[in-house]
Every structure is written in structure tokens, then in C-alpha cells.
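For reference, the structure discussed in these notes is given below.
What follows draws every value from the coordinates through simple rules; no lab data is involved. What you see is a predicted model; the values in this text were computed from it and never measured. Every residue, glycine among them, receives a Cβ derived from its backbone with ideal geometry; neighbour counts consider all protein chains shown.
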Amino acid sequence: MTCQARTSYTEDEVLWGHRFLPVMSLEEGFFRVDYSQFHSTFEVPTPPYSVKEHEEKNSLPSPLSTPTPALTESRDKKGKKKTLLELL
């Protein structure tokens with residue numbers, strides 16, 4: 001028996017929020033495959049966006065991505081504003 005699988009699909013071939021109907025069953029100790037349902041799908045509750053988009057929408061800004069003035073500048077002994085590089 002030969003089996004072939006695709007690993008590349010176009011965007012119009014992907015059904016977001018769908019699953020395949022079960023096609024295999026165990027009957028009297030043998031597996032039965034119902035090929036009439038092989039391409040059938042059903043809709044499942046799914047967010048309208050990907051996990052990555054969900055994380056981007058709900059993530060807090062990283063402290064490393066937005067430097068705060070306290071971490072990037074300071075004042076010298078006379079109170080003049082200096083960057084960390086100038087203080088080193």
C-alpha cells in the first residue's frame with residue numbers, strides 16, 4: 001500500500017477553523033475507512049487570527065524594547081543630564 005502526503009498548500013486550500021470528519025473506525029477487529037467522507041470537514045470554534053497575532057495583540061511591551069530614561073541617562077555631580085556612555 002502506498003501513501004502520499006502534501007506538505008505545501010495554497011491559501012485557498014486551507015480552511016481556517018475546520019477539522020476533517022473521522023473516516024476510520026474499528027469494526028469486528030478490522031479498521032474500516034470511509035472514503036466518501038475523506039474530504040469532508042466541519043467547522044470548529046476558532047479565533048479569527050493566529051496564535052502569533054493573538055500574542056502580539058495581548059502582549060505587554062518588553063522592558064528591553066522601550067528603554068526608560070532611568071536606564072539610559074543619569075545626572076552628573078552638578079545635576080547635568082548625562083547618558084550612561086558619558087558617565088563611563
Checklist outcome for this item: Expressed in nanometres to one decimal, the distance between label points 7 Å along Cα→Cβ at Glu28 and Trp16 is 4.6
Checklist entry - What residues have an amide H closer than 5 Å to that of His18, excluding those fewer than 5 places away on the same chain, when H is modeled at 1.01 Å from N in the peptide plane? => result Val44
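Can you figure out the FRET efficiency of Phe38 with Ser59, using R₀ = 35 Å and their beta-carbon distance, to the nearest 0.05? Don't skip to the end; give the middle numbers.
Values: r = 40 Å, r/R0 = 1.13.
Calculated transfer efficiency: 0.30.
For Gln4 and Thr46, FRET efficiency with R0 = 35 Å and r from the beta-carbon atoms, rounded to 0.05?
Values: r = 28 Å, r/R0 = 0.79.
E(calc), rounded to 0.05, equals 0.80.
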